[in-house]
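Asker: Pasting a structure here, questions to come.
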Amino acid sequence: MSGHGQMMDGVYRYQRHIYDLTRKYYLLGRDGLIADLDPPAGGAVLEIGCGTGRNLIAVGKAWSKARLYGVDISDAMLDTARASVARAGMADRVTLAQGDACGFDPQALFGRASFERVFISYALSMIPEWEMALVQAARCVAPGGKLEIVDFGQQEELPTLWKRALFGWLERFHVSPRRELNGAINRLAQDMGGFPHVRTLYRGYAVRGGLIRV
């Protein structure tokens, strides 16, 4: 496992047991992203940085005909995800695998090279080489498919003290909101061919972005 994978295992070895209970109060925008995915019937949905499996389970409930895939660098998180998926009765619909978001091989891991929907929820801010992960995600999108991202924003319309406190707290968990996400998405759409979109949510608390690949 890479050094980053070992670090993530260390960060979440114990937190994974309370992760979903605590994060639901501040990982805002995830459910809106899931509601907007709208995969075609029988379409494949990949989550990069799937963590505990919470989002994939929600996708499975919202989109009952979708085929679900998840990749994460942390074996500890994947252990929790597998257990959660089994409890939700979705073990036959969800395929999980260990891999680095910056360079995994979807064909080797999942037997397919592309997906109708790919999404990343609050993971880019935890990946040191996040722009490489963004490119990798776009490569996994099938023609006509969508890449969707939600993550921490720059808190533009919120008080300075709030921003300082939040960013300081996030740093303790190796989380760095990506100021250049907007530009990176636009460059990626231009390079790979696609239509980008980026917007802020909750007065800049979160950012939603992505692209439709042509």
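The values are calculated or read from the model by the stated rules, or taken from the named source; none is laboratory data. Given the structure is predicted, the values throughout are model-derived calculations rather than measurements. Neighbour counts run over all protein chains shown; Cβ positions are idealised from the backbone, glycine included. In case anyone asks, the SASA skips ligands and DNA or RNA and just uses the protein heavy atoms, side chains included. Shrake-Rupley method; radii C 1.70, N 1.55, O 1.52, S 1.80 Å.
Asker: On the basis of being buried (at least 24 other Cβ atoms within 10 Å of the Cβ), charged (D, E, K, R) and closer than 15 Å to Glu148 by Cα, does Glu116 make the cut?
Answerer: no
Asker: Still on this model: On the basis of being among the charged types (D, E, K, R) and either closer than 27 Å to Leu166 by Cβ or assigned to a loop (DSSP other than H, G, I, E, B) (or both), does Arg112 make the cut?
Answerer: Considered against the rule, which asks whether it is among the charged types (D, E, K, R) and either closer than 27 Å to Leu166 by Cβ or assigned to a loop (DSSP other than H, G, I, E, B) (or both), Arg112 comes out as yes.
Asker: Out of the residues in the stretch 136-174 that are aromatic (Phe, Trp, Tyr) and closer than 30 Å to Phe115 by Cβ, which is modelled with the highest pLDDT?
Answerer: That would be Phe152.
Asker: What are the residue pairs meeting all of these: first residue in the stretch 140-151, first residue of a type in the set (Ser, Thr, Tyr), second residue surrounded by fewer than 23 Cβ atoms within 10 Å (Cβ to Cβ), Cβ atoms under 6 Å, and 6 or more apart or on different chains?
Answerer: Listed pairs, sorted by first residue: none to list.
Asker: List the helices (runs of 4 or more DSSP H) that sit entirely inside the stretch 3-87 and contain at least 2 residues that are modelled with pLDDT of 95 or more.
Answerer: It comes to 30-37, 54-62, 75-87.
Asker: Still on this structure, I have one more. Within the stretch 60-72, which residues are touching a Phe, Trp or Tyr at 6+ places or on another chain (Cβ under 9 Å) and either among the small types (Gly, Ala, Ser) or open to solvent by less than 20 Å² (accessible area, probe 1.4 Å) (or both)?
Answerer: Matches in the stretch 60-72: Val71 only.
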